[in-house]
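> There's a structure below that I have some questions on.
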Amino acid sequence: MPLPRIKNIIFDLGNTLVYYDYSYFYDGLYRLERNLNPNKLKRFYLEKDLGNKLCKSKLKHKNFFKILKKKFDLKTGYSDFTRLYCDIFWENTNMKNLLEKLSKNKKCKLFLLSNTDPKHIKFVDKNFPYISLLKKRVLSFKTGMIKPDRKIFIYTLNKYKLLPEETLLIDDLKKNVVSARSLGINSIHYTTHRSFLKQFGKYII
């Protein structure tokens, strides 16, 4: 059975178009705060679900800073804290090249669907210009919804009037792929670029 003709490609951001690692944030703060235990910081960040709260705009960045400052008695100022929080990304050159190629041939409409917050997307747009090729965007902090909630996929389809069978999602998290597939959206779980290209080639000729 032939695969459907894809007219729309929805890209995830983190660990798909750009790589990221929060360890740079935890370890960066530790270099400024020698009494800080980066593992305890990580555990607190995860246990309190601070990342998702930021991505859903349930927590503002300055309040996030105040929470960590109080909890860990931080001496680091807000600007240095923000710089460390944002500087956790690096380029996925393979995806950069692919995105630039797709943008030029215009065979498909391109979209960005990301769980992100205002500070991170601003940093990424500034430091990785190829991300700006994706003008049509659904960003979690603007919707109050995050993947893998089916609602954000439905919102994206409705916002841009996309048919799920004509749409392909590329995402690094399996749970997001499973959620999208449950709505009939074609999806590729992005792990390595080589395995991705094998699957991608079946959809995009």
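The values are calculated or read from the model by the stated rules, or taken from the named source; none is laboratory data. The shown structure was predicted, so the numbers you read here are calculated from the model rather than taken from an experiment. For neighbour counting, all protein chains shown are included, and Cβ atoms are generated from backbone atoms with ideal geometry for every residue, glycine included.
> In the range 141-148, is there at least one residue being outside any helix (DSSP H, G or I), in contact with a Phe, Trp or Tyr (Cβ under 7 Å, 6 or more places away or on another chain) and either of a type in the set (Gly, Ala, Ser) or within 21 Å of Tyr20 (Cβ to Cβ) (or both)?
yes
> A further question on this structure: Lys198 is checked against (1) in contact with a Ser or Thr (Cβ under 8 Å, 6 or more places away or on another chain); (2) surrounded by fewer than 15 Cβ atoms within 10 Å (Cβ to Cβ) and fails just one. What number does that condition carry?
(1)
> Please verify whether Leu59 is in contact with a Leu (Cβ under 8 Å, 6 or more places away or on another chain), not in a helix (DSSP H, G or I) and not assigned by TED's automatic domain parsing to the domain that holds Ile152, treating the condition exactly as stated.
yes
> List the pairs whose first member sits in the range 161-184 and is outside any helix (DSSP H, G or I), whose second member is surrounded by 15 or more Cβ atoms within 10 Å (Cβ to Cβ) and among the small types (Gly, Ala, Ser), and whose Cβ atoms are under 6 Å apart, counting only residues at least 6 apart or on separate chains?
Close Cβ pairs (under 6 Å, with a partner that is surrounded by 15 or more Cβ atoms within 10 Å (Cβ to Cβ) and among the small types (Gly, Ala, Ser)) amount to Leu169/Ala180; Leu169/Ser187.
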